[in-house]
Amino acid sequence: MNNRSKVTKLTTTKNQNKKNSSTTSATLTTENYYSLESDRVWQSKTRFREFEDCEAAALAQLEGRWNPDSNVEVLLVGNYLHSYFESKEAHQRFLEENSKAIYKYGKPEKGIKSSFRQADSMIDALEADANFNRLYQGEKEVVVKGELYGVQWKGKIDCLNLDRGMFMDLKTVDDIHKKHWDVDSHQYVSFPLDRSYDLQMAIYRELIHQQFDVWCDPYIIAVSKQVVPDKGIYSIPDYLMQERLGQVEMDQPRIESVIHHEEEPIRCEHCDYCRLTKTLDEVIPIDEIELY
Ligand SMILES: [Zn+2]
């Protein structure tokens, strides 16, 4: 765990992005971290990935013109687990604020819904492990921000331990060993690659260094949603993080110009947003239908 990752030299261009450089006085807090307002000031791994997937959909979301259906229960189950490991107070507050969604008929006396009972067994699987308890020590839910290649970025670290030079992110997953088809590389990849966790960890490592002047090694602690939960702790090879930072440097100028309406967003033509806004403006021969 001590293989210190190589330092990446980040080239930054001053005032490359007028919008970002003029709004850096805004405050980033735990409360506004997930708001559209803060997303418009700070780039994040989630938004960056959305722009990589479909610029038209990502821009519509960022500008509040489209709000995709997200699986609220899946999000809440993840937050349930995260708040538990954050602190007793945070978990209690989460239970109170989301009682309608968590309890049967919204009433605590009726018991919790099955998906949250499942989250309890994931919590038990981690808590019963002495190594997890020893490892998962540090400051929880730490908001970080900084500049990558001339653009302001933000991140939220599940557990940061500057003394040990490490940070950890808790991830819930259906099955740790499930394979995921990657369209770009034409091969199956693991869940962290499918979800761009290598990108997320590379960015967080840079932001932590900028904010605290400490290089930390990232670890993913995964726990599965299977009846008997699986778990694992994973490191991210340095070459992958270097590649992902290279991707940020390469793709970011295009994304910024789309955000600032200097270039037209490209439609992917197969996501929810593109299907929703599609018009029948061309006739396609049946032997030319695009296959994904
Ligand atoms: Zn699309």
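The values are calculated or read from the model by the stated rules, or taken from the named source; none is laboratory data. None of these values were measured; they are calculated from a predicted model. Note that each Cβ is placed from the backbone with ideal geometry, even for glycine, and that neighbours are counted across all protein chains shown. Accessible surface areas use protein heavy atoms only, side chains included; no ligands, DNA or RNA. Shrake-Rupley method; radii C 1.70, N 1.55, O 1.52, S 1.80 Å.
Residues are listed down the side, and each one gets a yes or a no for (1) polar (S, T, N, Q); (2) touching an Asp or Glu at 6+ places or on another chain (Cβ under 7 Å):
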residue	(1), (2)
LEU135	no, no
LYS145	no, no
GLN152	yes, no
ARG164	no, no
ASP169	no, yes
VAL173	no, no
LYS179	no, no
GLN187	yes, no
SER190	yes, no
- request: Would you check if there is a residue in the range 239-255 being more than 16 Å from the ligand (Cβ to nearest atom), outside any helix (DSSP H, G or I), of a type outside the set (Lys, Arg) and more than 30 Å from PHE132 (Cα to Cα)?
  value: no
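So, TYR234, is that one open to solvent by 20 Å² or more (accessible area, probe 1.4 Å), modelled with pLDDT of 95 or more and of a type in the set (Phe, Trp, Tyr) or not?
Numbers: open to solvent by 20 Å² or more (accessible area, probe 1.4 Å): yes; modelled with pLDDT of 95 or more: yes; of a type in the set (Phe, Trp, Tyr): yes.
Yes, satisfied.
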field: Filter result for ARG275 (more than 26 Å from LYS154 (Cα to Cα) and part of a helix (DSSP H, G or I))
entry: yes
message: Which count do you get for residues in the range 151-192 that are in contact (Cβ under 8 Å) with a residue 12 or more places away in the chain, farther than 25 Å from GLN118 by Cα and β-branched (Val, Ile, Thr)?
response: 2
- prompt: In this structure, does PRO218 turn out to be in a loop (DSSP other than H, G, I, E, B), touching a residue at least 12 places away in the same chain (Cβ under 8 Å) and of a type outside the set (Asp, Glu)?
  reply: no
message: Out of everything in the range 214-231 that is open to solvent by less than 30 Å² (accessible area, probe 1.4 Å) and among the β-branched types (Val, Ile, Thr), what residue ends up being nearest to the chain's Cα centre (by Cα)?
response: ILE220
- prompt: Does at least one position in the range 244-260 carry a residue that is under 28 Å from LEU62 (Cα atoms), more than 22 Å from the chain's Cα centre (by Cα) and either open to solvent by 20 Å² or more (accessible area, probe 1.4 Å) or among the basic types (Lys, Arg) (or both)?
  reply: yes
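Output the residue which, of all residues in the range 38-63 that are more than 22 Å from ASP194 (Cβ to Cβ) and among the small types (Gly, Ala, Ser), is farthest from the ligand (Cβ to nearest atom). So that I can check it myself, show each step before the final result.
First pass over the range 38-63, keeping only residues more than 22 Å from ASP194 (Cβ to Cβ): 38-42, 56, 59-60, 62-63.
Now drop any that are not among the small types (Gly, Ala, Ser), which leaves 38, 56, 60.
On the way: SER38: 24, ALA56: 5, ALA60: 9 Å.
Result: SER38.
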message: Out of everything in the range 261-292 that is of a type in the set (A, V, I, L, M) and over 24 Å from the mean Cα position of the chain (by Cα), what residue ends up being nearest to the ligand (Cβ to nearest atom)?
response: LEU276
- prompt: Could you give every pair whose Cβ atoms fall below 8 Å, whose first residue belongs to the range 104-115 and is closer than 17 Å to VAL72 by Cβ, and whose second residue is in a loop (DSSP other than H, G, I, E, B) and open to solvent by less than 80 Å² (accessible area, probe 1.4 Å), counting only separations of at least 6 or pairs across chains?
  reply: LYS104/GLY111; LYS104/LYS113
task: Sort out which residues of the range 184-213 are within 17 Å of VAL142 (Cβ to Cβ) and surrounded by fewer than 14 Cβ atoms within 10 Å (Cβ to Cβ), and write them in order of number.
output: PHE212, ASP213
